[in-house]
Amino acid sequence: MKYIDEFRDGAIAKKIQARLREEAQPGRQYSFMEFCGGHTHAISRYGIGELLPHNVRMIHGPGCPVCVLPIGRIDLAIQLALERGAIVCTYGDTMRVPASGGLSLVRAKARGGDIRMVYSGADALEIARREPGREVVFFAIGFETTTPPTALTIRTAQQEGLKNFSVLCCHVLTPSAITHILESPEVRQFGTVPIDGFVGPAHVSIVIGSAPYEHFAEEYRKPVVIAGFEPLDVMQAVLMLVRQVNEGRAEVENEFTRAVNRDGNLHAQALVSQVFELRSSFEWRGLGEVPYSALKIRSAFAEFDAERRFGLGYQPVPDNKACECGAILRGVKKPTDCKIFGTVCTPENPVGSCMVSSEGACAAHYSYGRFKDIAVRVEVAA
């Protein structure tokens, strides 16, 4: 089946755009947060913001796993490589996130640290098999999408009896972050971040299903529409949110029915539950300490927990004072509100984490949204 051309069809985009203009009430403002960085990237890449009615505003959320990684966690990985002599394996984007002292994992590698880019935990396992005399640490990050593969990696290491492999676990949870945003002073007290609804993440929802979002609709009266990453997915999701707001509804709707159901992937959920348990608190870049928002390795797999194996102690580190990444991740500010955006801070020389990954709000806006006359990627022009 084809799932690309159909969801980039300019004629259909025109129809959705016309419907949005009809249904977005002129005297009303609509503010929707796309939680996932993949949606932020799609909105910038395809010029979706330019296609929406002027009174429909998209707010970028903290759903980029690289962007929310706090400096202190990267410092731990650098410490393992430079001070403990471990082979540290992680994803490519993670290696470029700024850390303390002007370092990043890439720069620590240049200083002699054995830091290697991998595509999966399985790659790190293979390195541990090939080099039994070295400690190999997989620096695992990500939301619920990448957590099951890490769980499988740990279980495989236990089954094989690998004694030189461990995981520095920094997996975080989507629902907890959404709750934290809705409970934050900016939203709850000051109203500086008006949020009328959420575009729910795609890949995360494939794993956890749509049920976990029902709490936000019921408790906070905020509609959620789960959407795919193609431009028509996002536009249709915004139209569905506009309709819910107009009708006074707050429900969880699923635009991404071709991949998401209510229950999610039960096998993946069981695997994660077997290997991981909740942390009582975890620091997110831009959000601070968020209760029960991350996972740690269960005691049954303690020998593969790098924090326990190396006796690591976490120390929070403040962000660069010139960087507005924290406010951008909370939706309080836009990338262009940052004084160093596009000048000191660029994808080639990122100062903040939002400029590192292509899913980061700053990197997406730098690549696609800096100029108002940028060509709209969806062909809706006559």
If every Lys and Arg gets +1 and every Asp and Glu gets -1 at its Cβ, then about the Cα centre the chain yields a dipole, in debye to the nearest 20, of 640
Loop only per DSSP, at most 14 neighbouring Cβ atoms within 10 Å: give me the chymotrypsin sites (Phe, Trp or Tyr not before Pro) in region 1-38, ordered by residue number. 3
Per residue of region 9-24, what does 6.51 cos²θ - 1.76 cosθ + 1.60 with θ = phi - 60° give for ³J(HN,Hα)? Whole Hz please, x for Gly and Pro, Karplus curve as stated. 7, x, 5, 5, 4, 4, 5, 5, 4, 5, 5, 4, 5, 6, 9, 6
Please list, in chain and number order, the residues 5+ apart from residue 264 or on another chain whose amide H is under 5 Å from its amide H, with Hs placed from the backbone. 209, 210
Among 266, 215, 240, which residue has its Cα positioned farthest towards the positive end of the charge dipole of region 207-310, with +1 placed on the Cβ of Lys and Arg, -1 on the Cβ of Asp and Glu, and the dipole taken about the Cα centre? 266
Sequence-distant residues sharing a close amide H with residue 142 (under 5 Å, placed H): 172
With just the Cα atoms defining each centre, how far is region 215-291 from region 71-112? Give it in Å. 32
Of the trypsin sites (Lys or Arg not before Pro) in region 82-168, those whose Cβ has at most 16 other Cβ within 10 Å and which sit in DSSP loop: 84, 111, 134, 163
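Sort the chain into rounded, prolate or oblate with this rule: let a ≥ b ≥ c be the square roots of the eigenvalues of the Cα gyration tensor; rounded if a/c is under 1.5, and if a/c is not under 1.5, prolate when a/b is larger than b/c, oblate otherwise. Show your work: numbers first, answer last.
Details: a/c = 1.88, a/b = 1.59, b/c = 1.18.
Prolate.
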Share of carbon and sulfur in the accessible heavy-atom surface of region 1-115 [1.4 Å probe, %]: 49
CD proxy at 222 nm, helix term only [per DSSP H run n ≥ 4: -39500 (n - 2.57); per residue of the chain; nearest 500]: -10000 deg cm²/dmol
Angle, helix 266-275 long axis vs. longest principal axis of the chain, Cα atoms, 0 to 90°, nearest 10? 40
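Sequence gap of 8 or more, or different chains, plus Cα separation below 20 Å: how many lysine pairs satisfy both in the chain? Let's see the in-between values first.
On the way: 14/372; 163/296; 321/333; 321/334; 321/339; 333/372; 334/372; 339/372.
The number of close lysine pairs in the chain is 8.
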Please identify every one of the trypsin sites (Lys or Arg not before Pro) in region 26-62 that sits in a loop by DSSP and has no more than 16 other beta carbons within 10 Å of its own beta carbon. 28
Over the chain, relative contact order from alpha-carbon pairs under 8 Å, at least 6 apart, %: 24
Would you mind checking which residues have amide H under 5 Å from residue 167's amide H? H placed 1.01 Å from N; only 5 or more apart, or other chain. 138, 305, 306
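The values are calculated or read from the model by the stated rules, or taken from the named source; none is laboratory data. Everything quoted here is computed from the prediction, not taken from an experiment. FYI the Cβ positions are ideal-geometry reconstructions off the backbone, even for glycines, and counts take in every protein chain you see. Only protein heavy atoms, including side chains, enter the accessible area calculation; ligands, DNA and RNA are left aside. Shrake-Rupley method; radii C 1.70, N 1.55, O 1.52, S 1.80 Å.
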